[in-house]
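Below is one structure, written out as structure tokens; comments come after it.
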Amino acid sequence: MKPFEYKLTFKDFNASLRKNKLLALTCGSCGKHTCPPKLVCHECGSTDLESTALSGKGKIVTFTVSYVTALGREGEAPVLITMVELEEGPWILGNLVGIDPDRATMEALMGKPVRLARARMLPPDQYSGGKELKGGFARPTFSLD
Amino acid sequence: MEAILSSNLKSGDIQALFVGNVLGDFSEGQGMVQSFAADEIGAKNIPASRFEGACASGTMAIRDAFMWVASGFYDMVIAGGVDTTSKMGTALGTRTFAMFTDGHYEYPSGLTFPGAFGMLTHQYSAKYNIPLARLKHQMALVSVQSHKYGQHNQLGQLRNEITIEDVLNSAMVTSPLQLYDCCPFSDGAAAVVLASEEMAKKLTDKPVYITGIGQASSGRFSSQKEFLPRLRARELSVKQAYDMAGIGPEEVDLCELHDCFSIASIIAAESLGFAEFGHGGELWEKGDADISGRIPINMSGGLKSKGHPIGATGASQVCDIVRQMRGTVEPQRQVDDVRIGLTDTLGGDGIICNLILKRGW
Ligand SMILES: [Zn+2]
């Protein structure tokens, strides 16, 4: 039996997101999408999965503006973090750009439509899993539609 | 050592050690604490295991210790936890705590522990249609109550009384959570001796029994989309514990729950069955969570005032409920006639561990 492999690795997901393309796994059993990817379908657990591109459109489920950031990321504050429900179903955590974080209120943001914008990057630090991550992490980045 | 001595035991009586320790590697440059801890207390060469489930680690250690004793494999063990996270400072502390988010897919966006609960607060407000101003007021009441009792806890960290205005005027950490909505970084340790029923009766005339246990886990934050702002793992875990103990939430006399952030208390109280979903904050508004209320919550001061030495937190919850049952806590925070207690510990945004304790006399 050949070894079980990820249908969509972090490396490939990240490289694609870097080019502003959001990949997901589409399930051959239930037809639903898993994004970010996992080893199995989030909805039904099937391993019959295929890598596909999503539209990058969705709406804001919730958000926060963080003023305290982690070691090495001090310059990022304040950072606007958002949970987006994608048109195709999955939720993904990312950043919202194009709005002043200090003006981010529930009225301005909750439920509002967004679309994928140019990915912000995060350089790796000493805890990021070694050299695999050349060029750093692509962050799912959205702007208000 | 206090746990062993106050149980009238010698170190040589301990057959195994279970310890929750999360960040010793980062805060002290010390891994494998379990082995050194066993040797320090003079329980030389016994099997010793370390548990890591972020902030739930201490409860996980006690749960496992319970299962080994209940199975008959051991009849006298020690379990607890230790961490010294304040030594790291805020920047490294925040970095290491963020390691309990998904490091590949969610940390890069800047997700931190408080960040996740800030997001849950906005989502909770929208989902249950509670205006943010009212929710923030409820959350402030949670912090105020924690300090009201925590100030009397001799073992506590932040022993000052605070007001609603103090909370609402404190610095913004991650919207809408302010500094006084958040627990501190803490140093601490706690441990309990677990013995078989027969042994326990020989050691003390006031034994406390573990009658229910539960544990469940979750995936990354976004993969909990079907349930948020509810934490599914808690509902599964506490059901295991209630079913095993053969009781329901209405029979609990005292609860120590995981108030890492004020909103976390409200969310937890609902999943534990003390309030309907969307109504958890009313427990603090109406005084139901207060010392003589329907379900006193966090009379230790909780994580907010007593402190949150993560690996030790769950064990300190157990210690405080045992002392409450024995009537040995400071009088200002002593609850009358505690027969059944519940602990609730949350690791990251996904591991939950619950224990039900029953007074044995
Ligand atoms: Zn499927």
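The values are calculated or read from the model by the stated rules, or taken from the named source; none is laboratory data. Predicted, not measured: the structure shown is a model, and the values here were computed from it. So basically every Cβ, Gly included, is an ideal-geometry build from the backbone, and we count neighbours across all protein chains shown. Side chains included, ligands, DNA and RNA excluded: accessible areas come from the protein's heavy atoms. Shrake-Rupley method; radii C 1.70, N 1.55, O 1.52, S 1.80 Å.
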Just for the Cα atoms in region A:10-144, what are the lengths along the principal axes, largest first, rounded to whole Å? 44, 40, 23
Across B:219-226, the residue-averaged tally of Cβ atoms belonging to other chains within 10 Å stands at 6
So if I take the centroid of the Cα atoms in region B:72-136 and the same for region B:170-197, what is the distance between those two points in Å? 10 Å
I need the P(r) histogram for region B:1-126: all alpha carbon pairs, bin width 5 Å from 0 out to the longest distance, whole percents. 2, 10, 16, 18, 16, 12, 9, 8, 6, 3, 1, 0
Chains B and A: buried accessible surface, both sides, probe 1.4 Å, rounded to 100 Å²? 3300 Å²
Take every Cα-Cα pair in region B:115-260 and report what % of them are more than 24 Å apart. 53 percent
Just from the alpha-carbon atoms, what are the Rg and Dmax of chain B in angstroms? 19.1, 58
Over the Cα atoms of the protein assembly as shown, compute the convex hull volume and normalise it per residue, giving Å³. 155 Å³
How large, in percent, is the carbon and sulfur part of the accessible surface of region A:10-144 at a probe radius of 1.4 Å? 49 percent
How charged is the neighbourhood of B:Thr59? Take every other residue with its Cβ under 11 Å from the Cβ of B:Thr59, and add Lys/Arg as +1 and Asp/Glu as -1. -2
List the pairs from A:Lys2/A:Lys32; B:Lys87/B:Lys225; B:Lys306/B:Lys358; A:Lys7/B:Lys239; B:Lys136/B:Lys306 whose alpha-carbon separation is above 30 Å, in the order I gave them. B:Lys87/B:Lys225; A:Lys7/B:Lys239
Against the rule of thumb 2.2 N^0.38 Å, how large the Cα Rg of region B:189-294 comes out: 1.26
Return the sequence-ordered ³J(HN,Hα) values of region B:259-267 in whole Hz as given by the Karplus equation 6.51 cos²θ - 1.76 cosθ + 1.60 applied to θ = phi - 60°, using x for Gly and Pro. 9, 4, 9, 4, 5, 4, 5, 5, 5
Per the beta carbon screen (other Cys under 4.7 Å), unpartnered cysteines of the protein assembly as shown come out as A:Cys35, B:Cys55, B:Cys182, B:Cys183, B:Cys255, B:Cys260, B:Cys319, B:Cys353
Rank by packing, highest mean first: peptides B:4-13, B:99-108, with packing defined as the count of other Cβ atoms within 10 Å averaged across residues. B:99-108, B:4-13
Which order do peptides A:94-101, A:35-42 fall in by mean Cβ count within 10 Å, highest first? A:35-42, A:94-101
Could you work out what % of the accessible surface of region B:119-210 is carbon and sulfur, using a 1.4 angstrom probe and leaving DNA, RNA and ligands out of the count? 53 percent
